[in-house]
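If you scroll down you'll find the structure; I have some questions about it.
Just so you know, all these numbers are worked out from the coordinates, no wet-lab data involved. All values reported here derive from a predicted model rather than from experimental measurement. When we count neighbours, we look across all protein chains shown, and the Cβ atoms used for this are built from the backbone with ideal geometry, even at glycine.
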Amino acid sequence: MQHWRWEKDLQDLAWLTFDKQGASTNTFSRQALQELDAALEEIGRSAPKGLVIRSAKDSFIAGADVEEFTRFVSPEEALSFVRLGWDVFQKLKDLPFPSTAMVNGYCMGGGLELALACRYRVALDEPKTRFAFPEVMLGILPAWHGVQWLPKLIGSAAAMDLLLTGKPVDAQRAKRMGLVDQTVPLRIFENAARLLTLAAPSAKGLSFSQRLLLGPCRALVVSQARKQVAKKARREHYPAPYAILELWRKYDGDPFINPADPSCSINMLFEHPTTKNLIRVFFLQERMKSLAKGSDFAAQHVHVVGAGVMGGDIAAICAMRGITVTLQDTAPERLAPAMKRAAKLFQRRLRDPLRVRDAMDRLIPDVSGAGAAKADVIIEAIFENLEAKQQLFAKLEAAAKPGAVLASNTSSLKLADISAKFKDPSRLVGIHFFNPVPQMMLVEVISSAKTSQDMASKATAFVRQIDKLPLPVKDAPGFLVNRVLGPYMQNAFRMLDEGVKPETIDAAMEAFGMPMGPIELADTVGLDICLHAGKQLAKKGAAGDAEAPQILLNKVALGQLGRKTGQGIYRYENNKPVKSQPGISTPELVSNLVQPYLDEVQAVLAEGIVPDAELIDAGLIFGTGFAPFRGGPLHYLAEQKKK
């Protein structure tokens, strides 16, 4: 066997190890599944007291090999691959002796289904351990018994949350929901799996109310879940979550009872254009992650100057990722709100009080700015004023140690202008985050004509270190995201000036597939920021009208700046916009709204602002939320030309 090996120990326990040859991560190819089938046959014949399945990698199993999906030439071939996994995992579940999955790191998709096929699950208690069913994010469903087995183990509510969102849970939460039996530290990881398997305790059953929701009340669960899904995803754009619900409601998660059912068939999902485009987006994301490969740079200390919302949140996510951070501002009272926001973020994301405490210990208020001299990465996140940034960087360049990355989070100023007074302008790089920093995955890494390749490479590695997606961009007005969003949002405001209802504009673009319409997006960003950015882009020569839309000028003059003031284009209650019914949305309206966005994307490609079309698509999907089911704006344009 190439990918699996097994042996028995002195206690007659079988240990089966997955170590996919030639890969850094364990994934299920057809060959890996066939070898697992053969290994289970051999182990079954040897009649051990129990079986432990473990990984030789630094994670358990990341799921099916997505490359396999791109090689299917027919729906029948896809169904054959699904059938293979279904049968192999059923064989594992049917073994006459206890089995345990020994989960370290990522346990995703098919990896989680293999863990569910085992009688027990022991998880390594560390931040990297994650359980998830990300299939829905690829336009498919967990078809190797995941839809069938998960609700029976943890109840329908918790199961549907995992199945329909694709969001991961950590080891501690998995333990609380009953997904794993034990969470243990590394020193007793192997022994815990051994003892649990040999002891073979009886499984804990679900409560009476949970059993009701699996039986007589199943239709009610599906109805409620469908309403929640409909708030976020339209069936015609994203059929997978609806297929998961129907497969569970009609066939208890078994795709082979009626494989031709159009509401939940494997063939329907594999043939749907959304699936192809979401798989494309997956590979775009993987490409962005790979941009940092080859660099061994890892920041131990980050210094952030500016404790506003952006700077404070940048500091917080760095601390959350295990980096020591000094956060500088002019007075303690300016630092206090950032520290409070960080504490809330850590409590929400980390949950464990000890991990929250450790993260807070790593985030150090620094009024004097002494941390700059020790930092590996220094990030400027002050207000958008060229002279202020130049003065600040004069001090930072003098204080910084050799080789430290000097970065600006500027959104509208050119790096060439900021570095004009540097002694060594090759040290300045742009690391441009987007608001809200904890949620937005994209970070633009901007290089001016003078930025050294070494600094750009270090900045890219740093972005991956904090689990964000780096996008290389040239030093041009608006970079990529703001360059494209500017004319798109300005056009929407022109339509407001012409009397089109904001609700109609937003509804039209949400129907197109945007996560949020341009008017609500402007309210969320802040109308004052939109006005300032629009003027800067027009002045710098990027597409856009130097004359701002009248309604934008009026709102800013009145101090009605959007969500943050409770009133912008919309009025906000409990941080949510109060909207009236939208008017009729026509194809012409949608086309007129999206055209400036598409025009600007093509201009960016022609000017070489981003290396290639794929990275432009990736940047705009992860930076602006361009409809993922369309595969990116340039891909969408190419598909439209084929029609």
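Please give the length that would be gained between Ser263 and Leu153 if that part of the chain were fully extended, namely 0.36 nm times their separation in residues minus their C-alpha to C-alpha distance (nm, one decimal).
Working it through step by step, the gained length comes to 37.1 nm.
If you scale each eigenvalue of the Cα gyration tensor by 5 and take the root, what three semi-axes come out for the chain, rounded to whole angstrom and sorted largest first? Kindly include the intermediate steps, with their values, before the conclusion.
Values: eigenvalues 399, 192, 105 Å².
In descending order, the three semi-axes are 45, 31, 23 Å.
Once both axes come from the Cα atoms, what is the angle between helix 332-350 and the longest principal axis of the chain, in degrees from 0 to 90, rounded to 10?
The two axes meet at around 20 degrees.
Further, regarding this structure: Could you give the radius of gyration (one decimal) and Dmax (whole number) of the Cα atoms in segment 67-211, in Å?
When restricted to Cα atoms, segment 67-211 yields Rg and Dmax of 15.5, 47 Å.
For the residues Arg494, Arg571, what sequence is obtained by ranking on other C-beta atoms within 10 Å, fewest first?
By the 10 Å Cβ count, ascending: Arg571, Arg494.
Here is a follow-up. Assuming 0.36 nm per residue, please report the length gained on full extension of the stretch Asn574 to Lys643 beyond their Cα-Cα distance. Mind showing how you got there, number by number?
Working: separation 69, 0.36 × 69 = 24.84 nm, distance 4.43 nm.
The Asn574-Lys643 span can extend by a further 20.4 nm.
Would you mind classifying segment 481-608 by shape? Square roots of the alpha carbon gyration tensor eigenvalues, ordered a ≥ b ≥ c; an a/c under 1.5 is rounded, otherwise it is prolate if a/b is larger than b/c and oblate if not. If you can, show how the numbers build up before the last one.
Numbers: a/c = 1.84, a/b = 1.20, b/c = 1.53.
Oblate, because a/c is 1.5 or more while a/b does not exceed b/c.
Moving on. Tally Lys and Arg at +1 and Asp and Glu at -1 over the other residues with C-beta under 14 Å from the C-beta of Val122: what net charge comes out? Write out the running numbers ahead of the final one.
Numbers: positive: Arg54, Arg119, Arg121, Lys175, Arg187, Arg194; negative: Asp125, Glu126, Asp181, Glu190.
That works out to +2.
So, one more: Taking the Cα of Leu220, stepping 7 Å toward and past its beta carbon, and measuring to each backbone N in segment 230-269: which are under 18 Å?
Residues 249-250 fall inside that zone.
Next question. May I ask for the angle, rounded to the nearest 10°, between helix 75-93 and the longest principal axis of the chain, with both axes built from Cα atoms and the value confined to 0 to 90°?
That helix lies at roughly 60 degrees to the long axis.
If each residue's Cβ is checked for other Cβ atoms within 10 Å, how do Arg287, Arg54 rank with the fewest at the top? Walk me through the numbers before you get to the answer.
Details: Arg287 14, Arg54 20.
Ranking Arg287, Arg54 by Cβ neighbours within 10 Å, fewest first, gives Arg287, Arg54.
At a Förster distance of 60 Å, what's the computed FRET efficiency of Lys49 paired with Glu547, Cβ-Cβ distance as r, to 0.05?
Details: r = 80 Å, r/R0 = 1.33.
After rounding to 0.05, the efficiency reads 0.15.
Near Lys57, which lysines are there with a Cα under 16 Å away, not counting those fewer than 8 places off in the same chain?
Partners found: Lys20, Lys128.
Under 29 Å Cα-Cα from Lys231, which lysines qualify once same-chain neighbours fewer than 8 residues away are excluded?
Cα-Cα hits under 29 Å: Lys152, Lys167, Lys250, Lys276, Lys344, Lys468, Lys501, Lys564, Lys576, Lys579.
On alpha carbon coordinates alone, what is the Rg over Rh value for segment 170-277, Rh being the Kirkwood radius?
A ratio of 1.10.
Taking the Cα of Arg83, stepping 7 Å toward and past its beta carbon, and measuring to each backbone N in segment 239-255: which are under 19 Å?
Of the residues in segment 239-255, 253-255 have backbone N under 19 Å from the label point off Arg83.
Hey, what do the phi angles of segment 388-399 turn into as Karplus ³J(HN,Hα) couplings, whole Hz, using 6.51/-1.76/1.60 and θ = phi - 60°, x for Gly and Pro?
In residue order, the calculated couplings are 5, 5, 4, 5, 5, 5, 4, 6, 5, 5, 5, 7 Hz.
Next question, about the same structure. Checking the a/c ratio against 1.5 first, then a/b against b/c, what shape does the Cα gyration tensor give for segment 1-156?
Values: a/c = 1.44, a/b = 1.31, b/c = 1.10.
Here segment 1-156 falls in the rounded category.
Sticking with this one: Name the shape class, rounded, prolate or oblate, that the alpha-carbon gyration tensor gives for segment 92-134, where a ≥ b ≥ c are the square roots of its eigenvalues, rounded holds for a/c under 1.5, and otherwise prolate holds if a/b is larger than b/c and oblate otherwise.
Numbers: a/c = 4.11, a/b = 1.62, b/c = 2.54.
Oblate is the answer for segment 92-134, as a/c is 1.5 or above yet b/c matches or exceeds a/b.
Based on the alpha-carbon set only, what is the convex hull volume of segment 258-375 divided per residue, in Å³? Present the calculation step by step, with values, prior to reporting the outcome.
On the way: hull volume 20.4 nm³, N = 118.
In segment 258-375, the Cα convex hull volume per residue is 173 Å³.
How high is the FRET efficiency from Lys535 to Gln439, r the C-beta distance, R0 30 Å, rounded to 0.05? Before the final figure, lay out the partial values.
Working: r = 27 Å, r/R0 = 0.90.
For Lys535 and Gln439, the calculated efficiency is 0.65.
Simple spin-label model, 7 Å along Cα-to-Cβ: Arg176 to Asp417 in nm?
4.8 nm
Starting at the first residue of segment 466-471, write each ³J(HN,Hα) from the Karplus equation 6.51 cos²θ - 1.76 cosθ + 1.60 with θ = phi - 60°, in whole Hz, x for Gly and Pro.
Once rounded to whole Hz, the list reads 9, 6, 10, 9, x, 10.
Let me ask something else about it. Compute the FRET efficiency between Asp424 and Lys227 as 1/(1 + (r/R0)^6), taking r as their Cβ-Cβ distance and R0 = 56 Å, and round to the nearest 0.05. Present the calculation step by step, with values, prior to reporting the outcome.
Values: r = 58 Å, r/R0 = 1.04.
E between Asp424 and Lys227, to the nearest 0.05, is 0.45.
Please rank Ser585, Ser368, fewest neighbouring Cβ atoms within 10 Å first, as an exposure proxy. Write out the running numbers ahead of the final one.
On the way: Ser585 18, Ser368 9.
Final ranking by Cβ density, sparse to dense: Ser368, Ser585.
Given labels modelled 7 Å from the Cα in the Cβ direction, how far is it in nm from Lys167 to Asp252?
In this crude spin-label approximation the distance works out to 3.0 nm.
Just to compare against my own numbers: the Cα pair-distance distribution for segment 301-449, 10 Å bins, whole % per bin, please.
That works out to 12, 44, 34, 9, 1, in percent per bin.
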